[in-house]
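The next block holds one structure in the form of structure tokens; read it before the comments.
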């Protein structure tokens, strides 16, 4: 009986650590920063700071990566500990994180210029540093001109512009030259750590009528095209 009680306590504790509320305040030169985008990388959780510089997430676990988009080219990335309240002080060349126990000065993460400028490609190094685990998350966070609609079961991508004859506007998904049926299938079978690059071929160049809605071209590491 004692073993069962102990096991239940461990399970409850583990759940508490993996799904807790997180809140914080972001300031610059002593004043709250309103409207900054704050993300939990690898998830669909995104929010913006209010007029008091505050942000809040219902579920955040130790080890998750929190990203504050300071500008279009740099971000403050924070690996979460067990602390549930954070203070982030934005400066020009770096930022200061205070988790209630420790205050430390940290460097910004530079966002890739090609992704910022064109919004149509993300490559391996940025994929690995992003903390994201699905292609759908990469499309949602890095690609312009696409909209990712997600629920608990499925992911669906639409692209801006004309729809196909069938009235659909989901692009074609191609991995190393092989066509996949849907974004859900790509998410299921392609681990992001194996990806060399994801390229948004907006014009569908090279794919004829099948590429009329654009093509999401994925090249994996070690493939002939990488």
Next on the checklist: Using 0.36 nm times the number of residues separating residue 188 and residue 34, minus their current alpha carbon distance, what extension gain do you get?
Outcome noted: 51.7 nm
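At 0.36 nm per residue, minus the direct Cα-Cα distance, what do residue 128 and residue 61 gain on full extension? Give it in nm, one decimal, please.
Length difference between fully extended and current span is 22.2 nm.
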Checklist outcome for this item: Taking 177-183, 203-209 and ranking on average Cβ neighbours within 10 Å, highest first, one gets 177-183, 203-209
Checklist entry - Taking a ≥ b ≥ c as the square roots of the eigenvalues of the Cα gyration tensor of segment 22-110, is the shape rounded (a/c under 1.5), prolate (a/b larger than b/c) or oblate? => result rounded
Checklist outcome for this item: If R0 = 30 Å, then residue 96 and residue 176, at their Cβ-Cβ distance, give a FRET efficiency to the nearest 0.05 of 0.10
Checklist entry - Which parts of segment 67-91 would a label at residue 50 reach, counting a residue when its backbone N lies under 15 Å from a point 7 Å out along Cα-to-Cβ? => result none
Checklist outcome for this item: With label points set 7 Å from each Cα along the Cα-to-Cβ direction at residue 27 and residue 196, the distance between them in nm comes to 4.9 nm
Item to check | residue 209-residue 106 FRET efficiency (beta carbon distance; Förster radius 45 Å; 0.05 resolution) | outcome: 0.35
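Laboratory data are not the source of any read-out in this text; all were calculated from the coordinates shown. Keep in mind that what you see is a predicted model, and the values were worked out from it rather than measured. A quick note on method: Cβ atoms are made from the backbone with ideal geometry, for glycine too, and the neighbour counts reach across all protein chains shown.
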